[in-house]
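This report concerns only the one structure given below.
Each reported figure results from applying straightforward, stated rules to the coordinates on display, with no laboratory input. If you're wondering where the values come from, they're calculated on a predicted model, not measured in any experiment. Here the Cβ is made from the backbone with ideal geometry for all residues, glycine too, and neighbour counts use every protein chain on show.
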């Protein structure tokens with residue numbers, strides 16, 4: 001069986017307590033706010049530690065007397081379903097009922113890996129979570145064997161119980177105290193082989209689905225922290241603008257207002273309710289100095305990007321060229337739940353509650369911002385209502401901490417939708433220049449040069465400090481990038497001869513962030529459009545051409561699957577067409593086939609999407625299907641409709657009304673997801689589908705309209 005980690009590297013802590021706890025002690029335990037999910041256990045005494053290990057995931061598993069299996073998760077749940085996937089891993093190895101497994105989120109720690117991003121959560125936790133649960137099972141079985149004086153090998157586990165051959169049974173909870181004292185289990189603590197999986201790989205409804213639809217699920221906006229008052233911020237009309245003068249007399253005199261505080265990003269109002277806070281914010285009289293981008297609008301930014309793209313060089317002698325240039329607009333993350341953070345900053349300590357994909361780095365940044373030692377700052381991780389990369393950054397949490405410090409009271413800061421669209425993080429705009437050189441019916445060279453906007457670092461306000469960094473990266477100085485390399489072309493997806501690429505950048509003082517699929521969402525989209533155009537120039541069918549040039553059999557397999565399931569090549573009415581694209585990343589592969597109705601080219605509608613993915617072991621196929629469906633909507637949105645305009649240094653869009661993300665009426669009438677069978681360890685899936693979906697939508701539109709789309713979204 002493939003192993004995620006060697007057994008020597010994976011050694012977990014076993015803690016002797018009143019209940020069985022197989023864990024790594026947390027670096028930061030904290031009080032739970034009212035309405036928050038239960039977080040970490042009380043600190044353990046050094047004498048409690050029986051086995052010391054070095055697993056960087058620092059997972060914590062406890063079996064309680066109430067027969068609940070509690071796993072403190074060092075990741076954040078932002079709707080991607082990681083809590084369900086981990087619960088399934090634990091239930092599989094323990095033979096526990098899924099309903100008996102709870103997955104609270106761990107607070108920020110002092111060491112370990114708490115990074116949620118790069119489509120890495122399931123793949124990074126797959127080995128450690130199963131190892132952890134398998135060790136707990138071995139201890140529970142050993143405890144039961146000692147109680148019943150039976151050979152441990154004769155006992156079975158099922159439904160969160162240990163069962164003897166004669167029918168006797170004991171719940172895990174009834175065995176937990178004695179199991180906690182066992183140092184050397186009498187049965188194997190190795191995880192099951194994939195052939196014996198009964199939970200992993202089974203389509204499963206999210207464990208938190210009922211809580212979400214009934215309103216029981218807790219988000220930052222639901223928290224009640226003693227004394228924390230609703231807070232909003234008046235922000236400048238342009239990016240990076242500054243307050244020159246503030247007349248707050250009218251606002252301070254309004255009922256329910258507790259404080260007005262000037263901060264780097266604007267002027268904050270603390271009040272009894274958000275209604276009072278917004279009313280008082282609107283009563284402020286502020287004179288603003290324009291931000292550094294005030295002279296710039298979209299046309300000038302596009303011109304700068306075009307000029308920053310490196311030259312392509314000389315093509316191979318005797319070859320024919322297929323060349324194209326592409327423009328991609330800025331795009332907001334716009335998660336459904338607006339950014340909210342609760343902060344209680346005192347003279348000697350601070351406590352923050354918010355949804356964070358990088359809680360350890362967030363804690364350190366907050367400590368620096370408020371002038372406290374890192375050990376005196378506690379960060380509680382709360383589930384988030386969507387992210388798509390937005391919660392890698394912690395702008396709102398730093399702002400909340402600074403406001404709390406200045407106001408000398410706890411605050412509950414909420415960014416409005418307009419705040420996040422007009423002053424929050426966004427996917428950088430980019431310009432791409434691609435040339436495919438072909439001779440004798442095949443591509444002999446492929447060059448992709450691009451330039452994107454990068455964040456200028458002169459600004460040192462909360463926005464600059466709130467930039468995230470991933471594991472292994474240096475100090476954050478701009479947008480987050482994956483370590484996998486900026487040019488997907490370099491992966492050699494196609495047999496295109498000499499593949500090369502280069503990149504340039506345009507520095508602008510604006511807040512940028514990693515948007516779902518990061519560089520691949522634009523890079524691969526542009527490349528897949530060119531692949532279609534090369535096939536057309538060679539007189540070949542786009543699917544047949546890809547099949548003869550793709551290097552990887554697994555990528556060919558997902559392409560064949562969508563072509564077959566989507567009935568590629570079927571006759572469609574005028575103005576309708578199919579499009580296809582593929583992508584490979586995170587150790588996974590995906591293909592997408594799209595059908596589009598572009599009879600009215602200004603109002604195209606994707607009518608059908610078929611996707612196939614090979615992600616290795618799909619822990620929860622139903623969750624993977626949801627990820628692929630979301631990726632399809634992202635592709636539809638960013639190719640056809642959704643982007644941000646910059647008008648004289650200001651973001652034009654301010655709500656979902658004008659940030660035109662796909663609505664129900666734009667969603668495909670039919671969606672299919674096909675999960676390829678595999679026993680490989682899991683690869684990444686969360687971001688995988690976006691480039692293929694976007695490329696397929698663009699290619700379908702091009703074939704339906706007979707055009708060559710070059711600027712995205714098309715409605716720009």
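Counting only DSSP H runs of at least 4 residues, each contributing -39500 (n - 2.57), and dividing by the residue count of the chain, the helix-based mean residue ellipticity at 222 nm comes to -8500 deg cm²/dmol. Taking every DSSP bridge with both residues inside the chain, close to 75 percent are antiparallel. If R0 is 41 Å, the Cβ-Cβ spacing of residue 679 and residue 602 corresponds to a FRET efficiency of close to 0.30. Starting from the Cα gyration tensor of the stretch 91-195, take the square roots of the eigenvalues, sort them a ≥ b ≥ c, and report rounded, prolate or oblate (rounded when a/c is under 1.5, otherwise prolate if a/b is larger than b/c, else oblate). Taking the square roots of the gyration eigenvalues as a ≥ b ≥ c, the stretch 91-195 is prolate.
What the Cβ-Cβ distance of residue 572 and residue 648 gives, at R0 = 45 Å and to the nearest 0.05, is a FRET efficiency of 0.55. Taking the convex hull of the alpha carbon positions in the stretch 198-240 and averaging its projected area over all directions gives 7.3 nm². When its C-alpha radius of gyration is set against 2.2 N^0.38 Å (N residues), the stretch 328-405 gives a value of 1.11. The residues 414, 611, 336, when put in order of fewest to most other Cβ atoms within 10 Å, stand as 336, 414, 611. Here the label points at residue 667 and residue 557, each 7 Å from Cα along the C-beta direction, are separated by 3.0 nm in the simple model. The stretch between residue 272 and residue 655, if pulled fully straight at 0.36 nm per residue, gains 135.4 nm over its current Cα-Cα span.
The label point for residue 547 and the one for residue 507, both projected 7 Å from the Cα toward the Cβ, are 5.1 nm apart. Taking 0.36 nm per residue of separation and subtracting the current Cα-Cα distance, fully stretching the chain between residue 263 and residue 250 would add 2.8 nm.
Applying 1/(1 + (r/R0)^6) with R0 = 45 Å to the Cβ-Cβ distance of residue 159 and residue 347, what FRET efficiency is obtained, to the nearest 0.05?
0.30
Per-peptide packing, taken as the mean over residues of other Cβ atoms within 10 Å, places 257-265, 619-627 in the sequence 619-627, 257-265 from highest down. What percentages make up the Cα-Cα pair-distance distribution of the chain when the bins are 10 Å wide from 0? Using 10 Å bins, I get a P(r) of 3, 14, 23, 23, 19, 12, 5, 1, 0 for the chain. Considering the stretch 212-367 at the alpha-carbon level, its Rg and Dmax are found to be 23.0, 78 Å. Label positions at residue 707 and residue 150, each projected 7 Å from the Cα along the C-beta direction, are separated by 7.2 nm. Net length available on complete extension from residue 306 to residue 565 is 89.3 nm, with 0.36 nm assigned per residue and the Cα-Cα distance removed.
Please order 448, 197, 645, 380 by the number of other Cβ within 10 Å, starting at the fewest.
Ordered from fewest to most neighbouring Cβ atoms within 10 Å, 448, 197, 645, 380 come out as 645, 197, 448, 380.
Neighbour counts of other Cβ atoms within 10 Å put 284, 175, 135 in the fewest-to-most order 284, 135, 175. Using the empirical formula 2.2 N^0.38 Å as the baseline, the Cα radius of gyration of the stretch 615-662 reaches a ratio of 1.63. Legend: Rg and Dmax of the stretch 606-716, from Cα coordinates, 16.0, 54 Å. Its alpha carbons give the stretch 368-453 an Rg and a Dmax of 22.2, 74 Å.
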